[in-house]
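Chemist: Take a look at the following structure, please.
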Amino acid sequence: MWKYKHYRNTFLIATISACLPAAIIGLFVYIFGTANIEAEAKRTHQNQVSFATERIDSNLAHLETVIAQWSFNLNLSNTYGNLDVEKDFYNIQQVIFKSLTWIKSSDPLIEEVSLYLDKQEVLITENKGILKFDSQDTLKLYRSLIAYQRDIFWTDTITNNKHAAPYMLVMRLPGGLVKTEAALIVEINSKQLNRLIGELDPGGEGSALLMQQDGNYISFGRDGAAGPSELDVFVTDAVKGQGQDRGSVIETWQGQTFSISFGKMKRIGHIWTVATATPIEQMTKPVKLLSHVVIYAGAAGLLFALGLSWLASRQLYRPIRRLAALLRPGGKPGFEGTDEIDYIASEWNNLSRESQTLQERLDTHLPSLRESFLLQLVQGHLYFLNDAEITRRMEEYGWEVQDKLHAAIVLQLHGLYSSEGRFSSGDEQLVTFAAFNIVEELVKSKALDANVINFQDLTVGLLVRLHRDTAMEDVKSVLYHLAGELAATLHNLLKVHTTVCVGKTAGSLSHIPAMFDDTRKALSHKKLNEQQQILYMDEMMPEGQHQIMYPLEAEKEIIQALRMGMEAELYKGMDEFLSTLQRQSDKEIQVRHGLLQLYGNLQNAIMLSGFSPLQIVGGEMLWEELLHLQDPNAVLQSIKNNLVRPYIRVLHVTQDIQLKQLVEKVLITIHEQYMKDISLEYCADLHGTYPKKLSLGFKQVTDKTFIDYLTKYRLDKAKQLLLETDEKINDIAVRVGYQPPYFNRIFKKNEGMTPGQFREKGGSAD
């Protein structure tokens, strides 16, 4: 039929009609689409680098936080001050080596953890033990670490481990204004760091770098790299000239176009840069290939159109398939015979319910956390926080404390048993709670910026915040008027005797514990037979004008260290106390009088802790010995040897017993209530402690964290039900305290198989 002209013309017209649009579209995609995709690829690449930079920064920041927390929680400073590395085997084995092991296992980025002791001139590592330095040059390098101006910093001064990255994290111990005698040295696992950086170049056709601001390389994103490649150097030069924190440029190298993106992160004392280069051709290849196929295959007509439809449908279906696979436990595909859209909607609803449940839990626990934090603050348990840290914590809980003047009011109820028969023995907490609610409602009605504190002992505290610029006369007027109204309201409603003590004011948050302590002590000046009375500390306890040659602030730190059993801080504080006393006083009698005053206050603190000083000193009259000692250093040493050290020994034994008893009670609670919504905070409140203490104690006694133990116990119960019953998996999940979708994920994570697979295999692994 080709010989017929009309057929030829018709065929040509049909061919042109069918192929020309496809050819035009192909050319348009090729010419204009490539340019747009290059721009879009640049933006996408920059977003990927920004996200990866944030993830890397988060990993490194987490490592820094973990090391800082370990240095505080493990309290290594108690061991290295006067440590004899050749004789003190117990502290080295049980404290230092164990601590280094815990720290190393706390973050996968850690390759090795070492403790450098400056006084002993040794380096203690988990694997190699105690190492002496073979040269003074090496010793000088380590000593430069503890002389650094920062307490925690990154450095490349010492890099001997071939498996570690060139930069290491150093934590000076102890930090702050205290003289540093040791350093905790954390070496970074180069493979883990390379893995993080190498994720930016999954195809391996480009470059991924982590480098210092001076151009020194930290990671090339690949293992075994002895140095930078030519492409790495090219990327480094392209990034060096950029002034902004993040950006993306298109550069050509050896005839190939690359999208080079970078992002900067601030490390302690340094700025690190993450840079990556990806070939543009790799990004635009699918579009170019598609345009060529459209141009050359236009004559194929319907068959090619069907092929393109098939290819397009696969491309469009791929994101849906990937999203459904991500939502499926284990992240593996396998949706034959199911509707993926319905499955995604179901999983999304489950995730939304879990998110809502977590938010409700947070909203439920937040008031108790606020109340617990405030109670710990006024009782002096947060002595280790400075003003800036307390301010940050209080602002996180929703309180505005900047530029505020803080005032304390304490209310005490008494005459309970003569309250017209309303109350009886055992109603103390009930009455205190009622007074707490009354005070809270009264404060709300006046729109005061204040918090009410329930001391659980017929005493209620009120922390009032006023603007710092408020005149003192106006402050007194507000507090005095409020005190009178509180006393009258509580007396009228509860029919009990009420005493209100208006304390002094303070501009510093760290003074709040002492302010409340003084205010509560002032309540002892109340008159017993008055039904309503108001005490004003400014009038009861006027401040004298005598010059006091006594370091009161140093004494407070000593008393706090004594109560907490912090032996090293206690002895150091006592030595500083004597030095300060000798600087302030030029007469021996004043120094001796100050030491005797300290001794009396230490005895008082020991008695308030529930211990008898007489039994601790073995029934001896230590006063007589102290009075006959002339040398102040001898007096201080006698107090340490005969009172403080015996008390610390007794206190540590008592604390260990109490801690073990506390954890045993929590274990019983877990075993009885594991199917309920229990948490570390709930158990801490239930057993009268605070979460941080319970968390550390639980780990110390059981060698597991609270959540790990609870998870293992729940999963053990679930496995028992899976093997011994025919209950549905969703019902078993609810019985052990989990939502079904979360139960499937956590079971898979811990056991390596789904609950259904575990039941089918009878509990045995492959």
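The values are calculated or read from the model by the stated rules, or taken from the named source; none is laboratory data. Since we're looking at a predicted model, the values are computed, not measured. Ideal geometry is used to build each Cβ from the backbone, glycine not excepted, and the neighbour counts take in all protein chains shown. We work out accessible area using only protein heavy atoms, side chains counted, and drop any ligands, DNA or RNA first. Shrake-Rupley method; radii C 1.70, N 1.55, O 1.52, S 1.80 Å.
Chemist: If you take the square roots of the eigenvalues of the alpha-carbon gyration tensor of the range 622-704 and sort them as a ≥ b ≥ c, do you get rounded (a/c under 1.5), prolate (a/b over b/c) or oblate?
Modeler: Because a/c hits 1.5 or more and a/b exceeds b/c, the range 622-704 counts as prolate.
Chemist: Rg to Rh for the range 618-766: what is it, with Cα atoms only and Rh by Kirkwood?
Modeler: With Rh from the inverse mean 1/r over Cα pairs, Rg/Rh is 1.32.
Chemist: Order the following by accessible area, largest value first: Y742, Y142, Y713. Probe radius 1.4 Å; ligands, DNA and RNA are ignored.
Modeler: Largest to smallest exposure gives the sequence Y742, Y713, Y142.
Chemist: Still on this model: Run the quick spin-label model on Q359 and F72: label points 7 Å from Cα toward the beta carbon, then report their separation in nm to one decimal.
Modeler: 3.1
Chemist: Let me ask something else. With label points built 7 Å along Cα→Cβ from the Cα atoms of H62 and E395, find their separation and express it in nm.
Modeler: Here the modelled spin labels are 2.6 nm apart.
Chemist: For the range 480-535, go through all pairs of different Cα atoms, get the mean of 1/r, take its inverse, and jot down that Kirkwood value in Å.
Modeler: Evaluated on the range 480-535, it is 12.2 Å.
Chemist: So what's the range 85-168 giving for Cα Rg divided by 2.2 N^0.38 Å, two decimals?
Modeler: Cα-based Rg divided by the globular estimate yields 1.11.
Chemist: Additional query: At a 1.4 Å probe radius, which order do D151, D214 fall into by accessible area, largest first?
Modeler: The ranking, largest first, comes out as D214, D151.
Chemist: Solvent-accessible area of R735, probe 1.4 Å, all protein chains present, reported in Å² to the nearest ten, please.
Modeler: For R735, solvent-accessible area is about 120 Å².
Chemist: For the range 627-703 and the range 79-152, what is the separation of their C-alpha centers, rounded to whole Å?
Modeler: Distance between centres, Cα-based: 27 Å.
Chemist: Follow-up. For E485 and S368, what does the FRET efficiency come to when R0 = 30 Å and r is the distance between their Cβ atoms, rounded to the nearest 0.05?
Modeler: Computed FRET efficiency for E485 and S368 comes out at 0.60.
Chemist: Just the number, please: carbon plus sulfur as a percent of the accessible area of the range 636-690, 1.4 Å probe, no ligands or DNA/RNA counted.
Modeler: 52
Chemist: Would you mind getting me the FRET efficiency between E625 and Q379? Use the beta-carbon distance for r and R0 = 25 Å, nearest 0.05.
Modeler: 0.15
Chemist: May I ask for the percentage of alpha-carbon pairs in the range 443-558 that lie more than 19 Å from each other?
Modeler: 53
Chemist: Then there's this: What does the extension gain come out to for E724 and S135, with contour length at 0.36 nm per residue minus their alpha carbon separation?
Modeler: Extending this stretch completely gives an extra 205.5 nm.
Chemist: Give me the number: length gained by fully extending Q149 to D427, i.e. 0.36 nm times residue separation minus the C-alpha to C-alpha distance, one decimal in nm.
Modeler: 94.4 nm
Chemist: Then there is this: In whole angstrom, how far apart do the alpha carbon centroids of the range 237-274 and the range 444-522 sit?
Modeler: First find each Cα centre; the distance between them is then 58 Å.
Chemist: What pairs from K104/K191; K104/K699; K132/K162; K98/K704; K240/K264 go past 18 Å between their alpha carbons?
Modeler: Exceeds cut-off: K132/K162.
Chemist: About its Cα centre, what dipole magnitude does the range 549-642 give when the only charges are +1 on Lys and Arg Cβ and -1 on Asp and Glu Cβ, stated in debye to the nearest 20?
Modeler: For the range 549-642, the charge dipole is close to 140 debye.
Chemist: Please give the FRET efficiency for E230 paired with H270, using the beta carbon to beta carbon distance and R0 = 22 Å, rounded to the nearest 0.05.
Modeler: E between E230 and H270, to the nearest 0.05, is 0.25.
Chemist: Tabulate in residue order the Karplus-calculated ³J(HN,Hα) for the range 632-637, using 6.51 cos²θ - 1.76 cosθ + 1.60 with θ = phi - 60°, rounded to whole Hz; enter x for Gly and Pro.
Modeler: x, 5, 5, 4, 5, 5
Chemist: Also, I was wondering about something else. How far apart, in nm, are the 7 Å Cα→Cβ label points at N386 and K692?
Modeler: It works out to 1.6 nm between the two label points.
Chemist: How large is ³J(HN,Hα), in whole Hz, for each residue of the range 182-196 in order, when computed from phi with the Karplus curve 6.51 cos²θ - 1.76 cosθ + 1.60 and θ = phi - 60°, using x for Gly and Pro?
Modeler: 7, 9, 9, 10, 10, 9, 8, 5, 5, 5, 5, 5, 4, 5, 4
Chemist: Across the range 711-719, in residue order, what do the Karplus-derived ³J(HN,Hα) couplings come to in whole Hz, using 6.51 cos²θ - 1.76 cosθ + 1.60 with θ = phi - 60° and x for Gly and Pro?
Modeler: For the range 711-719, the Karplus curve yields 4, 4, 5, 5, 5, 4, 5, 5, 5 Hz.
Chemist: Oh, and also: Please compute the length gained on full extension between K162 and E54, using 0.36 nm multiplied by the number of residues separating them and subtracting their Cα-Cα distance.
Modeler: Stretched fully, the K162-E54 segment lengthens by 36.2 nm.
Chemist: Determine how large the accessible area of F433 is when every protein chain is in place; take a 1.4 Å probe and give Å² rounded to the nearest 10.
Modeler: About 110 Å², rounded to the nearest 10.
Chemist: Can you bin the range 567-676 into rounded, prolate or oblate? Criterion: square roots of the alpha carbon gyration tensor eigenvalues sorted a ≥ b ≥ c, rounded for a/c under 1.5, prolate for a/b above b/c, oblate for the rest.
Modeler: Prolate, because a/c is 1.5 or more and a/b exceeds b/c.
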